[in-house]
Amino acid sequence: MAIGDAANIQARLLRQMPPWFSSGNSIAAAVMSGGASVLALIYGMWVYVVAQTRLATCSGGFLDLFAQDYFGTTLVRRDGQTDAAFKLRIQALLLSEKGTRRGMVKALTILTGNPPKIWEPTTPSDNGGYRTPCMGYGVAGAYASIALGAQCLITANLGTTQAPSNLSGYRTAPAGYSSAGTAYAAASSIGQIAGGITAQDVIDTINLIRPAGVACWVNITNGIVYLASSLGTEDGLSLLTENGSLIYL
């Protein structure tokens, strides 16, 4: 019995009955159960509505309404995108600092879970200088140019993503053209398949944060982890280690 369910509300109603009704009165319990069921339904609806008033607990269509209220048509859910991924996009832009490097770092960190690397060709702290402790060949620093003003290079990491599972690879027994166990999965579409953050989400966030007139050159990395599948030979035999364990890719 949990707070707000039919049994809990029925017990509360029975406690309010006059003392001449015995605690084991089956007729009174049956009458109260009907009202308790209705009240439990109303209570469940109230709990759901309260959750939709805050971004942290908002879900489903109410999350889309939240985004529409604050961003209009600028930020919409992508096909197949989960509530969790869409909520990250909203959080990255809601009350975000616009037009600054700090704002860009914060927004992309919230979106992807990883801080981006940003390099500005005209910023001394990014490039270093001769006879300074922050520069060395192959170690630190970069070649700067005042001819590359109002530009920056951003490297965003989408994080570890799982590729589709239960798909066979080349040279494994279940695989073959036009067979059920084989399909093409492009690395660029892995995030979209999983309903998570995609490269386009990163681009959209950058465009909403960057200052007007500033060009952002973007490199997006994605650490893809393929779900374990055993390796096999062309004739379908599984490859084993010396102790008899399957070898996984």
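The values are calculated or read from the model by the stated rules, or taken from the named source; none is laboratory data. No experiment lies behind these values; they were computed from the predicted model shown. Note that each Cβ is placed from the backbone with ideal geometry, even for glycine, and that neighbours are counted across all protein chains shown.
Summary of computed values
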{"item": "Lone unmet requirement of (1) outside the structural domain of Ile197 (by TED's automatic domain parsing); (2) within 27 Å of Cys216 (Cβ to Cβ); (3) assigned to a helix (DSSP H, G or I); (4) without any contact (Cβ under 8 Å) to a residue 60 or more places away in the chain for Phe62", "result": "(2)"}
{"item": "Selected residue (only one of Thr100, Thr109, Thr74 is under 15 Å from Leu158 (Cβ atoms), out of contact with any strand residue (DSSP E or B) (no Cβ under 8 Å at 6 or more places or on another chain) and hydroxyl-bearing (Ser, Thr, Tyr))", "result": "Thr109"}
{"item": "Residues satisfying the stated conditions in the stretch 33-59, i.e. in contact with a helix residue (DSSP H, G or I) (Cβ under 6 Å, 6 or more places away or on another chain) and part of a helix (DSSP H, G or I)", "result": "Ser33, Ala36, Ser37, Leu39, Ala40"}
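To keep it simple, each residue is scored yes or no on (1) at pLDDT 85 or above; (2) touching a Cys at 6+ places or on another chain (Cβ under 8 Å); (3) closer than 30 Å to Gln68 by Cβ.
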{"site": "Gly4", "(1), (2), (3)": "yes, no, no"}
{"site": "Ile27", "(1), (2), (3)": "no, no, no"}
{"site": "Val31", "(1), (2), (3)": "yes, no, no"}
{"site": "Ser37", "(1), (2), (3)": "yes, no, no"}
{"site": "Ile42", "(1), (2), (3)": "yes, no, yes"}
